[in-house]
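All remarks here apply to the structure that follows.
Rule-based calculations on the coordinates, nothing more; no lab input. Note that the structure is predicted; figures quoted are calculated from it, not measured. For neighbour counting, all protein chains shown are included, and Cβ atoms are generated from backbone atoms with ideal geometry for every residue, glycine included.
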Amino acid sequence: MIHIVFACDDNYAQHAGVAIVSLREQQRKGLPVHVHVLDGGISPVNLDKLKELKDRHLDITVHQGNIEEYAQYLVLEHFSTAMYLRLSVEQILPPEIERIIYCDCDIVFLKPIDELWNTDLGGQWLAAVGDPPNPPNLWRKDLGIDEPGRYFNSGVLLIDLNLWRDHHICQQTRNFITSHWNVMRFPDQDGLNAILYKNWHRLDNRWNTLTIKVDRKKMPDPAIVHYATEFKPWFYKSLDAFQGEYLKYLRLSPWRDYQFPDKNLWVWIYRMILLYTPEKVMLIVFQFSWRWRNLLKECNRQITLMKMNRKPS
């Protein structure tokens, strides 16, 4: 039995559902799966829809997360307080569960995950895919990481839960985050990297393929795709190379009547411009917009930190 964990609030319940549908369809060829949903504020309607996804290949248990514990934690842009619930897995999941795969909700499974589940950790505390070598994450000395290439993406994590319990990893991570708000750019991910950067096993990129607008022929054969950019596939303006996979499993889910909230003439024009812009020009535009967005994000982060510092403890 594979144990896999998602944490979400009501805003991401649909996307967690789509991920679970894709997992269920892939595991018809593999081991059965027990999905654990850490509830960070899911509505009764969406909880019922999630429970509809059970079948003989896949069981679901919803666990109430202590979301109030993280009420004062830093939240930036499309991140939500519910993301911090992964830092409670030691306490929430029963002690007989010794290994889990933690996944963000903005993913889709394209292959069975038996091979991932059976990965030999070699005594390490988790396995993950390294984050792409972009400047903010290449060498995070501000997190105490003293060598390049040791920063992982936390969207898919294979975790030895016994070792996490023995070493109190969740509590260590919470302690680091709450004492280093000034350096947090991706709060929970940064905290996990600060504590675990010397104790993780590197997975092949196909287990957490970060998707963008690219020619799919240039990409490795992914087993799990991760919609980690700002242009999520549930928006019409998305040009993600794997948007079709999200929509395919959406149609198999109880949320099949979902309509794009941003579908209009102007977004259609925007899509056409991007679709027919030469790749070299797009790369220049992307580099410029990426730097501009990062500047805006940093300004927003500093404003949020100032507001947090004014709040009474």
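Proximity of backbone amide H atoms, modeled 1.01 Å from N, is registered between His63 and Val37, Leu38, Asp39 at under 5 Å, excluding neighbours fewer than 5 places apart on the same chain. For the listed peptides 189-195, 241-247, a ranking on the average number of other beta carbons within 10 Å per residue, highest first, reads 189-195, 241-247. Summarising the label geometry, the points placed 7 Å from Cα in the beta-carbon direction at Asp120 and Asn199 lie 2.1 nm from one another. Looking at the range 2-262, the DSSP beta bridges with both ends there are about 40 percent antiparallel.
Counting every other Cβ atom within 10 Å of each residue's Cβ, Trp200, Trp268, Trp234 order from fewest to most as Trp268, Trp234, Trp200.
Taking amide H as placed 1.01 Å from N in the peptide plane, Thr229 has its amide H under 5 Å from the amide H of Thr211, each at least 5 places away in sequence or on another chain.
Could you state the number of Å between the C-alpha centres of the range 235-275 and the range 21-87? Here the answer is 23 Å between Cα centres.
Holding the Cα-Cα limit at 23 Å, pick out from Lys111/Lys237; Lys237/Lys280; Lys198/Lys232; Lys54/Lys237; Lys49/Lys232 the pairs that are longer than that. In this structure, Lys111/Lys237; Lys198/Lys232; Lys54/Lys237 lie more than 23 Å apart at Cα. Look at Arg251, Arg24, Arg256, Arg150 and count the other Cβ atoms within 10 Å of each Cβ; fewest to most, that gives Arg256, Arg251, Arg150, Arg24. Sequence-ordered 3J(HN,Hα) estimates for the range 79-95 from the Karplus curve with 6.51, -1.76 and 1.60 and θ = phi - 60° stand at 7, 10, 4, 4, 4, 6, 5, 4, 7, 10, 4, 4, 8, 6, 7, x, x Hz, glycine and proline given as x. Ordered by the count of other Cβ atoms within 10 Å of each Cβ, fewest first, Leu265, Leu74, Leu121 give Leu265, Leu121, Leu74.
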